[in-house]
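Chemist: Quick one: structure below, then a few questions.
The values are calculated or read from the model by the stated rules, or taken from the named source; none is laboratory data. Every value quoted in this text rests on a predicted model; they were computed, and no experiment measured them. We place every Cβ from the backbone using ideal geometry, glycine too, and count neighbours over all the protein chains shown. Calculation scope for accessible area: heavy atoms of the full protein, side chains included, ligands and nucleic acids excluded. Shrake-Rupley method; radii C 1.70, N 1.55, O 1.52, S 1.80 Å.
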Amino acid sequence: MNGTVRGIPDIDRLVPEYIKHFEAYIPSKPDDVLMKMSGCSRLFRLNNNENPIGPPRRAREVIAAYPPSRASVYPSGDAYHLRNKLSTLFGLHPEQFLVGNGANEVIGFVIKAFCQEGDNIITADKTFAVYEWVAMFSGFEARLVPLADFAFDDEGMLARIDKRTKILFICNPNNPTGSYWSEQRLRRFLDRVAGRQIVVVDEAYCEFVEKTDFPDGMRLIADYPNLVVFRTFSKMYGLAGLRIGYLAGNREVVDVIRRTCVVYSVNGLAQEAALRALEDPDHVPATRELIRREKSKLIHELELMKLPYVAGEGNFVMIRLPLNDALAYRKLMTQGIMVRCMAGFRFPNWVRVTLALPETMEAFVTALAKVIQHER
């Protein structure tokens with residue numbers, strides 16, 4: 001050392017103004033820490049919309065048999081085999097797909113590809129927040145349109161478009177309300193946008209939907225070249241811990257997005273497990289049956305407790321409580337039940353509950369009844 005003392009950097013000068021006003025997302029602590037903090041001996045996770053059945057059988061086999069020696073080898077940089085599998089499944093060209101480290105990463109790909117200083121994106125005020133967050137911490141305006149009857153407001157979104165609007169994000173079905181646009185409504189919206197902006201339809205929960213008028217975004221890509229569809233392996237396919245999702249769109253559009261894509265971000269095990277997950281014909285029907293049954297049972301219990309709820313499509317239900325949602329969270333945690341507070345989704349005093357196995361749901365209902373009884 002030469003004795004030179006380097007000065008502390010002028011952080012305030014270095015940090016962009018839009019970052020200064022943005023708060024970091026703080027994830028929940030690991031289960032063992034939470035159990036110790038809450039004084040519970042077991043923890044039922046009903047906060048992240050995970051599939052209680054877990055991954056499909058063939059994906060489990062890949063995970064169990066994955067050779068340790070493969071950990072030292074870089075994965076396919078562009079998920080070559082998985083993209084070819086998706087190509088066969090959906091009847092699109094392999095180059096029409098991009099695979100990312102969870103859907104969060106592909107959201108970033110799209111925003112970086114099309115937005116520059118002064119541009120804006122449009123989405124709902126009460127939906128998956130990452131569209132808004134990525135735009136904001138990238139220095140772009142996020143225009144938020146209030147939901148109408150718990151659903152995305154198509155007219156409201158169209159009214160906010162101006163010459164600097166680049167992307168419109170629609171979560172279909174919506175997280176956390178479970179509302180959805182029918183194919184007719186989505187087509188009408190796309191017709192009115194008329195290719196002037198990119199329209200992203202996030203179908204993270206589409207595999208849970210059984211309604212006949214629900215649109216399959218993959219089939220609409222041929223008719224609407226400005227349409228980009230997001231899907232994930234985290235929810236229905238139970239691979240949330242491996243972090244893998246993908247987008248699909250018109251080949252020219254995807255070629256532009258690929259310029260912002262970070263290669264090698266998806267690990268080899270995730271790619272192989274996702275590919276095999278698509279080959280299990282029994283997994284989706286079994287999960288749907290479980291969710292359908294447990295949703296019906298939970299709704300019955302909520303009506304007995306006279307609690308307002310929103311139970312749309314997806315593997316979750318929103319419940320309005322007669323107390324602060326953060327307080328309810330803490331009370332439920334002492335009984336080993338973890339739910340999602342909805343204040344962060346701009347639904348104060350609501351919680352979102354993931355539908356799970358019967359014994360887990362019975363434990364939740366018992367715990368919730370105790371909390372509600374104490375308040376009344």
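Chemist: If a residue must be within 22 Å of Arg187 (Cβ to Cβ) and among the polar types (S, T, N, Q), how many such residues does the range 106-161 contain?
Modeler: Residues that pass the stated criteria total 2.
Chemist: Given the options Leu147, Leu82, Leu89, name the one that is buried (at least 22 other Cβ atoms within 10 Å of the Cβ), among the hydrophobic types (A, V, I, L, M, F, W, C) and more than 22 Å from Lys20 (Cα to Cα).
Modeler: On the way: Leu147 fails: buried (at least 22 other Cβ atoms within 10 Å of the Cβ); Leu89 fails: buried (at least 22 other Cβ atoms within 10 Å of the Cβ).
Exactly one of Leu147, Leu82, Leu89 is buried (at least 22 other Cβ atoms within 10 Å of the Cβ), among the hydrophobic types (A, V, I, L, M, F, W, C) and more than 22 Å from Lys20 (Cα to Cα), namely Leu82.
Chemist: If I ask for residues that are in contact with a Lys or Arg (Cβ under 9 Å, 6 or more places away or on another chain), part of a helix (DSSP H, G or I) and either over 28 Å from Arg58 (Cα atoms) or open to solvent by 20 Å² or more (accessible area, probe 1.4 Å) (or both), which ones from the range 209-260 would you list?
Modeler: Leu220, Ile257
Chemist: How many residues, within the range 89-108, are at pLDDT 95 or above, part of a helix (DSSP H, G or I) and either closer than 17 Å to Val199 by Cβ or in contact with a Phe, Trp or Tyr (Cβ under 9 Å, 6 or more places away or on another chain) (or both)?
Modeler: Counting residues in the range 89-108 that are at pLDDT 95 or above, part of a helix (DSSP H, G or I) and either closer than 17 Å to Val199 by Cβ or in contact with a Phe, Trp or Tyr (Cβ under 9 Å, 6 or more places away or on another chain) (or both) gives 5.
Chemist: Continuing with the same structure: Are any residues in the range 42-71 hydroxyl-bearing (Ser, Thr, Tyr) and either out of contact with any helix residue (DSSP H, G or I) (no Cβ under 7 Å at 6 or more places or on another chain) or assigned to a strand (DSSP E or B) (or both), and if so, which ones?
Modeler: Ser69
Chemist: Would you tally the residues in the range 173-216 being of a type in the set (Gly, Ala, Ser) and over 17 Å from Asn250 (Cα atoms)?
Modeler: If we filter the range 173-216 for residues that are of a type in the set (Gly, Ala, Ser), which is where we start, we get 178-179, 182, 194-195, 204.
Then drop every residue that is not over 17 Å from Asn250 (Cα atoms), which leaves 178-179, 182, 204.
Residues that pass the stated criteria total 4.
Chemist: Something else: Would a scan of the range 280-288 turn up a residue that is out of contact with any Gly (no Cβ under 7 Å at 6 or more places or on another chain), modelled with pLDDT of 95 or more and over 30 Å from His81 (Cβ atoms)?
Modeler: Within the range 280-288, not a single residue is out of contact with any Gly (no Cβ under 7 Å at 6 or more places or on another chain), modelled with pLDDT of 95 or more and over 30 Å from His81 (Cβ atoms).
Chemist: Please count how many residues of the range 184-208 are open to solvent by 10 Å² or more (accessible area, probe 1.4 Å) and hydrophobic (A, V, I, L, M, F, W, C).
Modeler: The total comes to 5.
Chemist: Is it the case, given these coordinates, that Val33 is closer than 29 Å to Phe233 by Cα, open to solvent by less than 50 Å² (accessible area, probe 1.4 Å) and not acidic (Asp, Glu)?
Modeler: In short, no.
Chemist: Out of all the residues in the range 7-23, is one or more under 29 Å from Val339 (Cβ atoms), outside any loop (DSSP other than H, G, I, E, B), modelled with pLDDT of 85 or more and out of contact with any Pro (no Cβ under 7 Å at 6 or more places or on another chain)?
Modeler: No.
Chemist: Among (1) open to solvent by less than 10 Å² (accessible area, probe 1.4 Å); (2) within 24 Å of Glu95 (Cβ to Cβ), there is one condition Pro173 misses while meeting the rest; what is its number?
Modeler: For Pro173, the exception is condition (2).
Chemist: Tally the residues that are assigned to a helix (DSSP H, G or I), under 15 Å from Phe44 (Cβ atoms) and either in contact with a His (Cβ under 7 Å, 6 or more places away or on another chain) or open to solvent by 10 Å² or more (accessible area, probe 1.4 Å) (or both), restricting the search to the range 301-354.
Modeler: So the answer is 2.
Chemist: With respect to the numbered conditions (1) over 20 Å from Arg259 (Cβ atoms); (2) in contact (Cβ under 8 Å) with a residue 24 or more places away in the chain; (3) open to solvent by less than 40 Å² (accessible area, probe 1.4 Å), which one is the sole condition not fulfilled by Asp162?
Modeler: Failed condition: (3).
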